[in-house]
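One structure is given here, and the rest of the page talks about it.
The values are calculated or read from the model by the stated rules, or taken from the named source; none is laboratory data. What you are looking at is a predicted structure, and each value in this text was computed from that prediction instead of being measured. Methodologically, a virtual Cβ is constructed for each residue, glycine included, from the backbone with ideal geometry; neighbour enumeration extends over all protein chains shown.
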Amino acid sequence: MWNRILNPFFVFTAMWLFVIYLINLQLTKNISRLDSPGFQIIYINIVTGLIIYLVFYFIFYKKRVINQSPSALQYKISLKFANRSFYLFLFLTALDIIYSGGVPLIWLFTGSAKSYLNLGIPSIRGFQYTLYLFTFTVFVYLLKFHKFKNWKIKIAILILLPFLMLARGLLIYTILQIFYIYIYDKKISFNQIRNIAIFSIILILIFGVIGDIRGEYANPFAPLITDNPGNPLNNLPSGFTWIYIYITANFNNILLTIGTFQPSYTFIDIFYNLVPGFLKQFFTSSDKASPLITDASLNVASFYAGYVTSFGVVGGIFGGIILQTAGTYYYFKAKTLNIGYLVAYAIIFTCIFLSVFFDAFMTVSSFFGIILSVILANRLKNK
């Protein structure tokens, strides 16, 4: 089954080895340092990830009993919990739209001077996205077993939101969490692999189109493509350049700058994105990745950014251990098929997958999403 492959050790290892492979291809001009000590962080975390996985497997969760489907009472409790989250999400979204005076997609087609950056109330955005992702993931899980009242309307609203907001990040979060919830209990087949490949290509194309729309002109990263005539990015749609840049540039920022700055030796950079917007003015860190940024247009530095700026290479290693431990714990808890734990691991699975881009783990949407999932899991115990 897919669940066996989509464990935290395999996902982390596959994603980061893929990043190293793409960096070594050097398809863009911004990649210039292949002998950085930053690579040590990845290799050490692959080893620690294996150790953590084996410890949980052989000592703590070797004999877990797996249920096949939720009971009628579990289904009812989960649906009620998700519906409450859904209606609270709608309320916050309405506040968001009223406060902003519209939505980015409408602004785009009406020629408004506003952009997606003008959307929303920063202090509630994280909670709004938490409710959105949690609700959508639970709804998809429940629909695998039974339809529920007004499910088509609710799902349509949830699907529409990222496009109205031109929110590529939210779209990616949603797709990854739903992908795991939908496929974790299915057997691996050629057709599924083919469909995943086709869908991934479509997603890359959409990602490029949205990126081009949001920018001042199409394919803004084209000047970074190397002049090598054999470079495939020269002949592919802009989405592939966007993805290559986003996958490689983040960790490349760390490779280029690690060892060139003094770590802060504080935890502000690590937990900064958990701080509500109205409180961030009281903290000295305005951008936890700032010492790592070598290009203003590539202003992220992977999952490791906050840990490296705080404690250097050692901080990066321990950051990986924290993510791997949380992922492995909820991966094995999810084997009970308690809906709450499944959603919790779907969130951390997404964080591990996105770790090559940015720190999705230490964010309001992920942190409180896990809390909501654990609350639901506790309500479902012994039901």
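Residue check: is I181 modelled with pLDDT of 90 or more and either of a type outside the set (S, T, Y) or surrounded by fewer than 16 Cβ atoms within 10 Å (Cβ to Cβ) (or both)? When the stated conditions are applied, I181 passes them. Report yes if Y173 is hydroxyl-bearing (S, T, Y), in contact with a Ser or Thr (Cβ under 7 Å, 6 or more places away or on another chain) and at pLDDT 90 or above, otherwise no. Yes, satisfied.
Scan segment 254-275 and tell me whether some residue there is acidic (D, E) and at pLDDT below 75. Scanning segment 254-275, I find no residue that is acidic (D, E) and at pLDDT below 75, so the answer is no. What pairs come out if I take residues in segment 79-106 that are free of Cβ contacts under 8 Å to residues at least 60 places away in the same chain and pair them with residues that are basic (K, R) and in a helix (DSSP H, G or I) whose C-beta lies under 8 Å away, six or more apart or interchain? Hits for this filter: D96/R125. I'd like to check something: does segment 16-34 contain any residue that is over 28 Å from G230 (Cα atoms) and either buried (at least 20 other Cβ atoms within 10 Å of the Cβ) or hydroxyl-bearing (S, T, Y) (or both)? No, the conditions are met nowhere in segment 16-34. Taken across segment 209-227, residues that are closer than 30 Å to S123 by Cβ, at pLDDT 80 or above and out of contact with any helix residue (DSSP H, G or I) (no Cβ under 6 Å at 6 or more places or on another chain) do not occur at all.
Can D295 be described as acidic (D, E), modelled with pLDDT under 85, out of contact with any Phe, Trp or Tyr (no Cβ under 7 Å at 6 or more places or on another chain) and not in a helix (DSSP H, G or I)? Considered against the rule, which asks whether it is acidic (D, E), modelled with pLDDT under 85, out of contact with any Phe, Trp or Tyr (no Cβ under 7 Å at 6 or more places or on another chain) and not in a helix (DSSP H, G or I), D295 comes out as yes. Checking the structure you have, find out if any residue of segment 60-72 is at pLDDT 85 or above, hydrophobic (A, V, I, L, M, F, W, C) and crowded, with 19+ Cβ neighbours inside 10 Å. Among the residues of segment 60-72, not one is at pLDDT 85 or above, hydrophobic (A, V, I, L, M, F, W, C) and crowded, with 19+ Cβ neighbours inside 10 Å, which makes the answer no.
Name the single residue, out of those in segment 335-358 being touching a Lys or Arg at 6+ places or on another chain (Cβ under 8 Å) and not aromatic (F, W, Y), that is farthest from K80 (Cα to Cα). Selected residue: K335.
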